[in-house]
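No value in this document is a laboratory result; all are computed from the given coordinates. Predicted model, so just to flag it, every value in this text is computed and none were measured. With ideal geometry, Cβ positions are generated from the backbone for all residues, glycine too; neighbour counts draw on all protein chains shown.
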Amino acid sequence: MLLGPKSLSSRVLTARLARIFLRDAGGRRAVYGGTEKFQTDPHWRDYILFYEYFHGDNGAGLGASHQTGWTGLVAKLIQLYGILDPKRLLEVGREAAFIKGPDAAVRRKDEKVA
């Protein structure tokens, strides 16, 4: 069932992954750990890096930051949950997550995409 525990757990997992990259109440991003330049410098603080690995206790990014790999998926998950709720997903179908353009969230599954 789409609206059951499985759906809830995917939203919780997405929120947990997103917290690594979003600012907390103190304005800091876990992904930058103790790197003050990325935390406070106005020229760098909104430049989001996607790392290979993350510290298990504090979320700081570790490893290569030039190969986004699986962490680039976090951006798509944030976008998906921002435009598509469970009701809309049932209306437009699974393909809605992959339709590009400004009307992506409102297109119906039976519409042809150019």
Where does the charge balance sit around residue 44 when Lys and Arg score +1, Asp and Glu -1, over other residues with C-beta under 14 Å from its C-beta? +2
Cα-projected label distance for residue 90 with residue 64, points at 7 Å along beta-carbon direction, nm: 4.3
Residue order, fewest to most beta carbons within 10 Å, for 36, 52: 36, 52
Could you pull the Cα extents of segment 5-83 along its three principal axes, largest to smallest, in whole Å? 40, 27, 25
R0 = 41 Å: FRET efficiency of residue 9 with residue 46, Cβ-based, nearest 0.05? 0.85
Cα→Cβ-extended label distance, 7 Å offset, between residue 36 and residue 16, nm: 3.3
